[in-house]
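Input: a single structure, listed below in structure tokens.
The values are calculated or read from the model by the stated rules, or taken from the named source; none is laboratory data. None of these values were measured; they are calculated from a predicted model. Note that each Cβ is placed from the backbone with ideal geometry, even for glycine, and that neighbours are counted across all protein chains shown. Surface accessibility is based on the protein's heavy atoms, side chains included, excluding ligands, DNA and RNA. Shrake-Rupley method; radii C 1.70, N 1.55, O 1.52, S 1.80 Å.
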Amino acid sequence: KRLLQRASEEGASSSPPPEWTVLAAGALAGCTASIACYPLEVARTRIAVACDVRLGVLGCLASVVREEGPLALYAGLLTTLAGVLPFNALKLAAYDRLRTKAATLQDPARNGRPDLDATSVPVPLVAAIGAASGCFAATSCFPIEVVRRRQMAGEFVGLGPLSAVVAIARTEGARALTQGVGLNCVKVAMSNSLGFVFYELAMDVLRVNGRQPPWARSDRFPLPSLLGLKPAVSGE
């Protein structure tokens, strides 16, 4: 994100960074992580539906390579990237937009300034923003997620993402593309809320962009400070 901001003419000015840098950063980060960890995703899916559980992860991967070839470890990768790129881009863009609004309410003096990231946001608000951003992105990209898991299990392997979506809709109905979206939204909301909370806390602890850690903001009442609450002062 920082590199993209520096590469853009707008990012070099005193105005806030352009939104396309947030979208691009999220998409590239998600793409890199997916490519690196994809064989493990294949092993998890195969263990659930095909491989012997007693083989373990390495045994399942070896079995797949032996029976189907090394390329089988990346079966459905195109579909995965087709879902991961928009998911991470939408998630990070939504979080960045909502966090900017929350930080503006916390520190109105920095409204419209590029150093708005230096404003810490209370943990409960970060958790809510992270959950909302994750649900928005997951619901938007859920049909691609359905195709991804089906292809990892060995179905629709020869089809592209859009072709597989059309094939599922024709053979099983359009509702098949949204089955499990509620449960997936709950899972994504929990994981993203925790992920963004620890991300923001790490930014505070490491004093990124001039932030202050929770104990520096309130050395007598660290827990209320961590939660973004103002401790009561005696005599008020």
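Just for helices (runs of 4 or more DSSP H) wholly inside the stretch 173-236: which have at least 1 residues that are closer than 19 Å to F87 by Cα and at pLDDT 55 or above? Give the steps one after another, and end with the answer.
Details: elements: 181-205, 214-217, 222-226.
Those helices (runs of 4 or more DSSP H) span 181-205.
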Give the residue that is nearest to V126 (Cα to Cα), with candidates limited to residues of the stretch 44-98 that are of a type outside the set (A, V, I, L, M, F, W, C) and not in a helix (DSSP H, G or I).
-> G76
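Going residue by residue through the stretch 129-138, is there one that turns out to be in a helix (DSSP H, G or I), surrounded by fewer than 18 Cβ atoms within 10 Å (Cβ to Cβ), aliphatic (A, V, I, L, M) and in contact (Cβ under 8 Å) with a residue 12 or more places away in the chain?
As a first pass, look at the stretch 129-138 and keep what is in a helix (DSSP H, G or I): 129-138.
Keeping just the survivors that are surrounded by fewer than 18 Cβ atoms within 10 Å (Cβ to Cβ) gives 132.
Going one step further and asking which of them are aliphatic (A, V, I, L, M), we end up with 132.
Cutting the leftovers down to in contact (Cβ under 8 Å) with a residue 12 or more places away in the chain gives us 132.
Yes, the conditions are met somewhere in the stretch 129-138.
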Note: among G30, G69, just one is at pLDDT 85 or above and open to solvent by less than 30 Å² (accessible area, probe 1.4 Å), namely G69
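Residue-by-condition table, conditions (1) under 20 Å from the mean Cα position of the chain (by Cα); (2) more than 21 Å from P214 (Cα to Cα):
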site: T104; (1), (2): no, no
site: D107; (1), (2): no, no
site: T119; (1), (2): no, no
site: F136; (1), (2): yes, yes
site: F142; (1), (2): yes, yes
site: R150; (1), (2): no, yes
site: A176; (1), (2): no, yes
site: N184; (1), (2): yes, yes
Please list, ordered by first then second residue, the pairs with beta carbon atoms under 7 Å, 6 or more apart or interchain, first in the stretch 140-166 and open to solvent by 20 Å² or more (accessible area, probe 1.4 Å), second aromatic (F, W, Y) and assigned to a loop (DSSP other than H, G, I, E, B).
-> R150/F156
Starting from residues that are at pLDDT below 85 and within 24 Å of A33 (Cα to Cα), keep the ones in the stretch 82-126 and report whichever is most open to solvent (accessible area, probe 1.4 Å).
-> A82
